[in-house]
Amino acid sequence: INANLFEAFLKCPTKCWLRATGETGSGNAYAEWVKSKAASYQATEVERLVSALPKDEFAVSPEVESLKSGNWSIALDIEGRLSAPASADNIRQAGGIPSKTSSKPTPEIFTLQSRLHAIEQLPAEDRGGPAQFIPIRFIFRNKLSKNDKLLAAFDAFVLTKALGREINLGKIVHGDDHATLKVKVAALAGEARKRIVKMAALLSSASPPDLILNRHCAEFEFQARCRQKAIETDDLSLLVGMSAKERQKLRSKGIFTVTQLSYTFRPRHRPKRLRDKREKYHHALKALA
């Protein structure tokens, strides 16, 4: 489980599963632009960060084990990895993945990994105490979302387990103005752990999750594939604007396709007092159209 897959899972479980299984997308111009922009922004920010420091105060791609003994202010491009222990119980304790009733060895897919953009080292607040490590993530967008903060929490979670030292704060440098947002990752650790648990269950399955089109589809390299599958199955998620709760309610009534939903629409006679008011939105009418 790496940061790339974790980011995909936050937006769409299907995208996460397809990437994890190595399926190749049909291509997406916007997705390629986002990938290129993110790499360019990271390189620019790293250069800007390093230019303000003497050469002996930053390290490039150091081993995680050497971080505690290094005399540096900024470390760049660090691979944090938490290898999967032999038993499910150990994984639960180390990586937040729930134990199973069986004590059989757990597959190695439950290794946690993150390629940290940078780490800032601050001197200890108390004399003789340990130094403080703050993971830094670079994001080119001017406006951040909760998913961006969860990514910072994922970085901190992996670094915490790799170093054996609690990481409570992370930073996100973002936007055209190089704004810095401090993220209290300790407050997000519980939610990040829950997402990791769900992601582990997803990746251990031999079959993909239920296909659901969402507003992130335009960003993904699998957009054409997913839409074709949805058309073939006449999936309800083809109706843009229908929430997951509404889809679940329809399925509980035995309505699983757009065609089935279209048969439920019944035009009503509107009273005169309501003729000047806007008609209520009907998913069934859109299905019929």
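Annotations
- Test: residue in the range 183-200 that is part of a loop (DSSP other than H, G, I, E, B), over 25 Å from residue 136 (Cα atoms) and either within 28 Å of the chain's Cα centre (by Cα) or not aliphatic (A, V, I, L, M) (or both): no
- Residue check, residue 171 farther than 22 Å from residue 64 by Cα, outside any helix (DSSP H, G or I) and basic (Lys, Arg): no
- When residues in the range 257-273 are screened for being more than 15 Å from residue 286 (Cα to Cα) and not in a helix (DSSP H, G or I), 4 of them pass.
- For residue 148, the test of being open to solvent by 20 Å² or more (accessible area, probe 1.4 Å) and of a type in the set (D, E, K, R) is failed.
- Identity of the residue in the range 3-30, of a type in the set (S, T, N, Q) and farther than 20 Å from residue 194 by Cα, that ends up nearest to the chain's Cα centre (by Cα): 21
- Per the conditions (1) farther than 15 Å from residue 213 by Cβ; (2) part of a loop (DSSP other than H, G, I, E, B), the sole criterion not satisfied by residue 241 is (1).
- Take the conditions (1) at pLDDT below 85; (2) of a type outside the set (Val, Ile, Thr); (3) over 25 Å from residue 221 (Cβ atoms); (4) surrounded by 13 or more Cβ atoms within 10 Å (Cβ to Cβ); residue 25 misses just one of them, which is (3).
- In the range 28-39, the condition of being buried (at least 16 other Cβ atoms within 10 Å of the Cβ) and closer than 23 Å to residue 218 by Cα is met by at least one residue.
- Residues (in a loop (DSSP other than H, G, I, E, B) and not hydroxyl-bearing (Ser, Thr, Tyr)) located in the range 1-35: 1, 12, 22, 23, 25, 27, 28
The values are calculated or read from the model by the stated rules, or taken from the named source; none is laboratory data. Here the structure is a predicted model, which is why all the values come from computation and not from measurement. Note: ideal-geometry Cβ built from the backbone for every residue, glycine included; neighbour counts use all protein chains shown. SASA here: full protein model, heavy atoms, side chains in, ligands and nucleic acids out. Shrake-Rupley method; radii C 1.70, N 1.55, O 1.52, S 1.80 Å.
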